[in-house]
Amino acid sequence: MTTSNPANNLSNNAANANDSNDTLAHRAITSFKAYDIRGELGVNLDEDIAYRIGRAFAQILASQKSTSQGADTLQNSIVIGCDIRDSSETLKQAAIRGIIDAGVDVIDLGMTGTEEVYFATSYYQALGGIEVTASHNPINYNGLKLVREGSRPISADSGLADIQQLAEQGTFAKAAKVGQVAEQHDKTAYIDHLMRFIDTDKLVPLKIVINSGNGSAGPTVDLLEQRLQQRGAPIEMIKVHHNPDGSFPNGIPNPMILANRESTKQAVIENKADLGIAFDGDFDRCFLFDNKGEFVEGSYIVGMLAQAFLQKNAGAAIVYDPRVLYNTEAIIAEGDGQAVISKSGHSFIKQIMRESGAVYGGEMSAHHYFRDFFYCDSGMIPWLLTIELLSTTGKTLGQLVDERISAYPSSGEINFKLTQTSSDEIIDAIEAYFSTDNPDKNTLDGLSLDFGQWRFNIRASNTEPLIRLNIETKGDEALLAEKTAQIKQWLAEQGAQLA
């Protein structure tokens, strides 16, 4: 770990913060969302905002240290990393200036994925952590993901609003001294931790395609490849769009966009690979493709991993979200597990997992959470577990999920832009439209209506101006097609446009 002198390296660190506050106090910061910070560069996110967020975050966490869990072991430091976007390093340095001006030390991880910040926050027993990233958003966006001690999430109702208020007011306390900055780019401990999730002695020869999307995943994939080779694991990797490049020459790394799946699909087919893997920009999500290059919807991966964990952890709790649930609930019941439903979103899933002691939690959006990864989401652990599953079962990914897809077919998430009505109005109207059918209703996350043989969930996005629809049936493809067409037509009549 290399320690630097912030007075020399960060001389323009807004040490005269009071002068800045005189002109910029009470500046509204509209980039705060439900459980992270995301904004358009130069519009509602810039260096000044990043500085203010860093300083407010550090001041609040430092003031709460004595009441934090395990406070006696916490260090007076915050870990920080950033993705590969061209704007990320600049915003990271601005946040660092804010943190050290609050009198808190910084551990700078360099270029990282979000899960590396989660890991380092707990590993270094830090007050909290920050990842500067906009994940899969357009290139003119960026943001910050925040966690507190123990890699615990911070959301609008658990501290994020307080950080926003202090950052906007700019009434920062004067620190007794400026914090120090230490660079720590060694990923050995993080890679060690990931490797504990699988038994490499069980791995059989597999050829896998990994598409990093020119995001931040490449260096971590390289290190995992080296570790697998050192252990004699017969895994061959074909790397696509591998080198980190903040200009994203092959498009924004977002495998949820259909066009972005083609490069992974073609690489699987051309190389006759056993598995395809793709990541978003900060690799906190993992997307899987079978040996035919076909994309596997995230909800079926949740079911597959739930089954794998229940085989090793009899009776364990599994957490899942309400968007698509028939298959997951059936698998949990078959494995005598405890089914625990949660509102979508990482802060909600993590809290419910901690409360229930769940071994695993999954969202259909390709976020996967693990008790033994500080109840946090990881994009690397799912594919490691998958290659172990392929090895121990002797089955292809398609064979593992195709039967489940037939038993519980789903539409996949369909996104709509609203032009004439609000999301609340749409949700109220669609409930009224189906009211005569007397469905079972659940409003945990948007609106879920269950009609016995089919159900749907419709909800407003927490991060984008969209409304999201998911439909599923019990083994009836024709019914799925019928109801999908019906609801899409109804939404079009309300002025909703396919996104």
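The values are calculated or read from the model by the stated rules, or taken from the named source; none is laboratory data. Quick caveat, the model's predicted, so the values are computed rather than measured. Don't worry about glycine lacking a Cβ; one is built from the backbone with ideal geometry, like all the others, and counts go over all protein chains shown.
A single entry from 173, 120, 161 fulfils the requirement of being under 22 Å from residue 66 (Cβ atoms), of a type outside the set (Val, Ile, Thr) and part of a helix (DSSP H, G or I): 161.
The selection criterion, being in contact with a helix residue (DSSP H, G or I) (Cβ under 7 Å, 6 or more places away or on another chain), surrounded by fewer than 24 Cβ atoms within 10 Å (Cβ to Cβ), polar (S, T, N, Q) and modelled with pLDDT of 95 or more, holds for residue 125. Quick one: would you say residue 312 is at negative phi, out of contact with any Ser or Thr (no Cβ under 7 Å at 6 or more places or on another chain) and surrounded by 23 or more Cβ atoms within 10 Å (Cβ to Cβ)? Answer is no for this residue. For region 454-499, the set of residues classified as β-branched (Val, Ile, Thr) and more than 30 Å from residue 39 (Cα to Cα) consists of 471, 473, 484, 487, listed by residue number. Within region 460-475, one or more residues are out of contact with any His (no Cβ under 6 Å at 6 or more places or on another chain) and at positive phi.
Note on region 428-499: enclosed strands (runs of 3 or more DSSP E) holding 1 or more residues that are in contact with a strand residue (DSSP E or B) (Cβ under 8 Å, 6 or more places away or on another chain) and small (Gly, Ala, Ser) are 447-450, 454-460, 496-498. In region 13-40, the qualifying residues are those that are crowded, with 18+ Cβ neighbours inside 10 Å and outside any loop (DSSP other than H, G, I, E, B), and the one that is modelled with the lowest pLDDT is 17. Looking at 157, 162, 192, 186, just one residue is at pLDDT below 95 and acidic (Asp, Glu), and that residue is 157. Restricted to region 164-183, and to residues there that are buried (at least 19 other Cβ atoms within 10 Å of the Cβ) and under 21 Å from residue 108 (Cα atoms), the residue that is farthest from the chain's Cα centre (by Cα) is 178. None of 181, 204, 209, 221 is out of contact with any Phe, Trp or Tyr (no Cβ under 9 Å at 6 or more places or on another chain), within 24 Å of residue 265 (Cβ to Cβ) and of a type outside the set (Lys, Arg) except 204.
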